[in-house]
Each structure stands twice: as structure tokens, then as C-alpha cells.
Amino acid sequence: MVCAVVGAIAFSGKAIIVKLAYRHGVDAITLIMYRMLFALPLFVIMAWWAGRGKPALSLRDWLAVIALGFCGYYLSSYLDFAGLSYISAGLERLILYLNPTLVLALGWLLYRRVASGRQLLGLAISYAGVMLVFGMELYTHGAGQQVGWGASLVFLSAVSYAVYLVYSAQYVKRLGALRLVGLATSFACLFCIAQFLLTRPLQAAQVDAAVIWLSVLNATLCTAVPVLLVMLAVERLGAATVAQTGMIGPLSTILMGVCLLGEPLTPVMVAGTALVLTGIYVFTHQAKRQ
């Protein structure tokens, strides 16, 4: 339980670190490059450790791992970082927390899996919460186009990660979760570094020292460490219990946003968060019963 709670809080700190780094004038492509550059050795070690004594991957497996890394960790991370430059950390976390509902939608589109009434109810409650907070940000900031664009980018990030979850299920069984994550994220790191080299001059890598230290913190405490903690928690508690524990993530993001970023804690934000968490609980409780 300690691993699950600490992992959820560590994951949620990513948005806070990104928002702090943006205050130093760095852009999304440079920032995500540094995060992945520092995380790459950790994920390579993770993949090697999990693959000891295991059969070698076939060409089909390698192609699948590369595609999953591109979709689930490179594209999803880049869209998330880009969206965070327009919206609050609290709204970003609430949008990303809609991921189970997006997996349900993809299951229906790809495999015609029928959703239950309880799942649809949970979906409706969760989206109502996000729309409530989204409306508050539109009213507060008075920059509807920017807020809308940022929310759209983060939502597409959640969709990209949901696609990864749907298609990775068969490879998790074959390769193991830790080995798949290590390999996929290693390729995602290479994609992020290549994106920077292709789109930015090398001078763009000259950033404030604070950005470097924040990126190191992001790569370790908010990326590699929570992956290991969550995997350890799933091994001991099961995926369903860990998923329920993960509901602390949006709450911790909002509290850290208030304490570290000075974001306002309004009644609308509290109400929207309560709706999202209630909806996800209704949704996942149905999945666990089934």
C-alpha cells in the first residue's frame, strides 16, 4: 500500500515540475528532451534486468515495442507537456484521469465490447467534473482559445496512452510488464531526443540550471521511481486495488499546485475533482465486479 500511495503521488508531481520549469522560459520540446535524456539509462537498466534469462524478442515483437513506445510514452508525453503550457496542473491531472473511460471507448470501437449502464453512468459523472473545471478556467483566464487548445492537447495525450494500454495487453502477457515498460520507454526517450535534434538548434540546450535539476527530478522521482513502485504494488496487492489507490493522484496534484504554484483552490475545482473521482470509482468498481 505504501508503494501504491507513494507511486501515485510521485506520478502526479510531474505536472508540477513541468509548470515550474516553464517559468524559466524553456519550451516543451527542450524540456521533454531533458526529462527523457536523464531517464534513458534508468529504463535501459530496467529492460535489461527484467529481460535476464528471457527469450530474445522476434522482429515482430521489436516493431510492436517501438510502436507502443512511440504512442504510449513519446506522443502521450509530448502532448501532455505541450498542453501544460496552457492549462493548470489540476485540470491536466483530471483530464488524464479519464483514461479508463477512453479505454472503454476504444474497446467498443475496436472490439465492440458493450458497456454496462453503471460504466456509462461513471463516464458521464467523470466528464461532467472535467467540464465543470474546464468552464471555470475559461471564465477565470478569459483566454478561451488557449485553454481550449491546452485541454485538447492533454485529452489527446490521454487518448494516445489509452491506445497504448489497449494494444499492449497481449505483449504484457508475453514479455512481462516491467520488460515491456523498460523497452517501450527506452525507445520513447530516443524519439524525444531525436525530436529535439531535428527541430531545435543545439544552442537551445543551453537552459537555466534550475531546468536541468527539475528535469533530473522529473526523470527519477516522477518517472522511473513511480513505475517501479506501482509495479511492486501491483505484484503484492493486485491491479484493482492499486487502481483504487491511484485516485489520490488528482488530489495530490491539486494540493501541490496550490502550495508550490500558487494555483487557486476554488469550490468549483473541489466539486469537479469530487465528480471525477466519484465517476472513476463507479466505473472501476463495475470493472472489478465483472
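Here the condition is being at pLDDT 75 or above, surrounded by 18 or more Cβ atoms within 10 Å (Cβ to Cβ) and not in a helix (DSSP H, G or I); of 207, 211, 282, 227, it holds for 207 alone. Looking only at region 186-204, residues that are in a loop (DSSP other than H, G, I, E, B) and farther than 14 Å from residue 28 by Cα come to 1 in all.
Starting from residues that are without any contact (Cβ under 8 Å) to a residue 12 or more places away in the chain and within 22 Å of residue 67 (Cβ to Cβ), keep the ones in region 186-204 and report whichever is most open to solvent (accessible area, probe 1.4 Å). The extreme case among them is 198. Entry remark, region 154-185: residues being free of Cβ contacts under 8 Å to residues at least 24 places away in the same chain and either within 12 Å of residue 61 (Cα to Cα) or surrounded by 19 or more Cβ atoms within 10 Å (Cβ to Cβ) (or both) number 2 in total. Cβ-Cβ contacts under 7 Å between residues 6 or more apart (or on different chains), taken from a first residue in region 64-76 that is of a type in the set (Phe, Trp, Tyr) and at pLDDT below 90 to a second residue that is open to solvent by less than 20 Å² (accessible area, probe 1.4 Å) and not in a helix (DSSP H, G or I), are absent. Among the residues of region 31-44, those that are surrounded by fewer than 21 Cβ atoms within 10 Å (Cβ to Cβ) and touching a residue at least 24 places away in the same chain (Cβ under 8 Å) comprise 37, 38, 40, 42, 44.
The values are calculated or read from the model by the stated rules, or taken from the named source; none is laboratory data. Here the structure is a predicted model, which is why all the values come from computation and not from measurement. A quick note on method: Cβ atoms are made from the backbone with ideal geometry, for glycine too, and the neighbour counts reach across all protein chains shown. When the accessible area is computed, the model is the full protein with side chains, heavy atoms only, and any ligands, DNA or RNA have been set aside. Shrake-Rupley method; radii C 1.70, N 1.55, O 1.52, S 1.80 Å.
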